[in-house]
Amino acid sequence: MSNTSENKSILKKDGVSYLVPFILITFCFALWGFANDITNPMVKAFSKIFRMSVTDGTLVQVAFYGGYFAMAFPAAMFIRKYTYKAGVMMGLGLYAVGALAFFPAKLTGSYYPFLLAYFVMTCGLSFLETSCNPYILSMGTEETATRRLNLAQAFNPIGSLMGMFVAMNFIQNQLHPMDTAERAQLSQAEFEAVRDSDLTILITPYLTIGIVILVMLLVIRMSKMPKNADKFHSIDFIPTLKRLYAVKRYRYGVVAQFFYVGAQIMCWTFVIQYGTRLFMAQGMEEQAAEVLSQKYNIVAMVIFCISRFVCTLMLKYVNPGQLLKVLAIAASLCVLGVIFLQNIYGMYCLVGVSACMSLMFPTIYGIALKGMGDDAKFGAAGLIMAILGGSVLPPLQAAIIDCKTLWGMPAVNLSFVLPLVCFVVITVYGHRMRREH
């Protein structure tokens with residue numbers, strides 16, 4: 001009877017309940033969701049504040065997701081040497097330092113110190129994701145691991161919604177209404193005055209979240225956390241990598257994760273450029289068009305969040321690979337609408353992509369790490385390094401957008417060919433993993 005009960009619970013293993021640790025670690029998912037989605041609109045904000053092109057603005061994404069790539073394996077080695085809890089605490093510490101570094105960056109009045117602050121912050125997020133994802137997988141039986149991770153990841157978009165809300169109401173709506181063209185005509189002194197005012201607005205939410213992160217760090221430090229997945233502390237780097245590479249579902253999973261994260265960041269970052277072009281064509285001013293576009297982005301995130309909970313329930317009855325494949329096909333069809341519809345229905349399709357993406361990250365993660373045991377610490381690092389897709393692919397899309405028009409079509413529409421390619425790759429992965437499962 002007890003075994004049956006344990007099999008039904010996704011937060012029990014060997015008679016031990018992991019509810020409280022699960023809640024604390026799941027809160028961290030919301031915290032890095034906030035960081036991700038307050039940052040996406042900053043591509044447009046920094047481009048305006050510093051009078052830069054869209055391509056230059058995407059250096060924010062390069063720095064942000066580059067930190068994930070750079071720190072993933074050092075984080076894995078740190079976690080292997082110590083514990084998941086130590087990895088979570090290190091991640092929170094770096095997150096806080098990066099967020100609080102926005103204040104000295106603002107004092108310089110330069111763009112590049114902000115990129116450094118983003119990089120430090122995401123080094124912390126890399127520690128968090130490398131720690132928290134496999135930690136959640138370990139808090140119960142292997143049979144319920146993918147469902148458990150999907151449940152924890154369902155709280156990530158709640159943090160993302162908060163990030164979007166703060167970006168829209170406390171940054172975008174508060175910036176000087178002067179558009180990019182008008183800023184280009186300002187004298188140097190006038191430009192610096194407007195820039196400094198806008199930067200003061202921009203850094204306030206980051207300083208606030210930095211303080212919140214420090215409080216969370218203290219809570220985790222004082223809490224008792226499980227050590228069931230921290231049995232081995234030797235760092236057998238090369239042998240472990242060889243074992244991981246030999247597993248097909250893991251090897252292909254890293255590739256699929258690279259393209260998924262690239263698609264997600266492109267669809268959520270450039271919804272503002274897509275909507276701005278669409279609404280300005282209808283006679284709306286640039287700032288109003290940007291704010292309205294961000295509202296659509298928030299709607300997309302709400303749908304993403306609801307879809308994550310629905311898909312988590314569906315995983316109880318449906319093969320993860322099969323569901324991943326179906327949603328990737330649906331996302332591909334939506335992106336075709338984004339490319340070829342030059343009206344409000346194109347925006348509706350772009351919002352609809354989020355419903356399809358909701359399942360993808362944790363499901364690819366869960367499939368790739370299934371049965372890895374303690375090797376999951378290094379396996380998680382490879383999957384977190386795949387977040388580099390969010391650094392590599394958006395600048396390519398931005399370069400297309402900067403062309404304004406291509407082959408008689410708006411370049412911003414045509415740029416969504418890149419997410420389309422990404423979803424095709426994920427469709428193939430889901431199909432193969434359906435057969436393997």
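Please work out which one of (1) in contact with a Ser or Thr (Cβ under 8 Å, 6 or more places away or on another chain); (2) modelled with pLDDT of 95 or more is the condition ARG147 fails and give its number.
(2)
Applying the selection to the stretch 305-319, what residues are open to solvent by 70 Å² or more (accessible area, probe 1.4 Å) and of a type in the set (Ser, Thr, Tyr)?
Of everything in the stretch 305-319, just one residue is open to solvent by 70 Å² or more (accessible area, probe 1.4 Å) and of a type in the set (Ser, Thr, Tyr), namely TYR317.
Residue check, GLY283 against (1) open to solvent by less than 50 Å² (accessible area, probe 1.4 Å); (2) over 26 Å from SER131 (Cα atoms); (3) of a type outside the set (A, V, I, L, M), all met but one. Which one?
Failing condition for GLY283: (1).
If PHE22 satisfies every condition in (1) at pLDDT 75 or above; (2) assigned to a loop (DSSP other than H, G, I, E, B) but one, which is the exception?
Of (1) at pLDDT 75 or above; (2) assigned to a loop (DSSP other than H, G, I, E, B), only one is false for PHE22: (2).
Could you please tell me which pairs satisfy a Cβ distance under 6 Å, a separation of 6+ or placement on different chains, a first residue in the stretch 88-109 that is in the same structural domain as ILE209 (by the TED database), and a second residue that is hydroxyl-bearing (Ser, Thr, Tyr)?
Within 6 Å, the pairs are VAL88/SER131; ALA99/TYR206; PHE102/TYR206.
Going through the stretch 392-416 one residue at a time, which ones are under 22 Å from PHE361 (Cβ atoms) and open to solvent by 10 Å² or more (accessible area, probe 1.4 Å)?
VAL392, LEU393, PRO395, LEU396, listed by residue number.
From the list VAL302, VAL335, which residue is crowded, with 22+ Cβ neighbours inside 10 Å, touching a residue at least 12 places away in the same chain (Cβ under 8 Å), closer than 28 Å to GLN282 by Cβ and touching a Pro at 6+ places or on another chain (Cβ under 9 Å)?
Going through VAL302, VAL335 in turn, just one is crowded, with 22+ Cβ neighbours inside 10 Å, touching a residue at least 12 places away in the same chain (Cβ under 8 Å), closer than 28 Å to GLN282 by Cβ and touching a Pro at 6+ places or on another chain (Cβ under 9 Å): VAL335.
Looking at the stretch 401-419, I want the residues that are of a type in the set (D, E, K, R) and have a partner that is part of a strand (DSSP E or B) with Cβ atoms under 8 Å, at least 6 apart or on another chain. Which pairs are those?
Within 8 Å, the pairs are LYS404/PRO410.
One residue is enough: does the stretch 65-83 have a residue meeting the conditions buried (at least 18 other Cβ atoms within 10 Å of the Cβ), within 28 Å of SER354 (Cβ to Cβ) and either without any contact (Cβ under 8 Å) to a residue 60 or more places away in the chain or in the same structural domain as ILE400 (by the TED database) (or both)?
Within the stretch 65-83, one or more residues are buried (at least 18 other Cβ atoms within 10 Å of the Cβ), within 28 Å of SER354 (Cβ to Cβ) and either without any contact (Cβ under 8 Å) to a residue 60 or more places away in the chain or in the same structural domain as ILE400 (by the TED database) (or both).
Restricting the first residue to the stretch 241-266 and requiring it to be under 24 Å from VAL421 (Cβ atoms) and free of Cβ contacts under 8 Å to residues at least 60 places away in the same chain, which pairs with a second residue that is open to solvent by less than 60 Å² (accessible area, probe 1.4 Å) and of a type outside the set (Asp, Glu) meet a Cβ separation below 8 Å and a spacing of at least six or different chains?
Sorted first by the residue in the stretch 241-266, then by its partner, the pairs are ARG251/LEU244.
Out of LEU186, LEU199, LEU214, report the one residue that is over 30 Å from ILE79 (Cα atoms) and in contact (Cβ under 8 Å) with a residue 40 or more places away in the chain.
Checking each option against the conditions leaves just LEU199.
The values are calculated or read from the model by the stated rules, or taken from the named source; none is laboratory data. The structure presented is a predicted model; accordingly, all values stated were derived computationally and were not measured. Please note: Cβ atoms are built from the backbone with ideal geometry, for glycine as well, and neighbour counts cover all protein chains shown. What goes into the accessible areas is simple: the full protein's heavy atoms, side chains included, and nothing from ligands, DNA or RNA. Shrake-Rupley method; radii C 1.70, N 1.55, O 1.52, S 1.80 Å.
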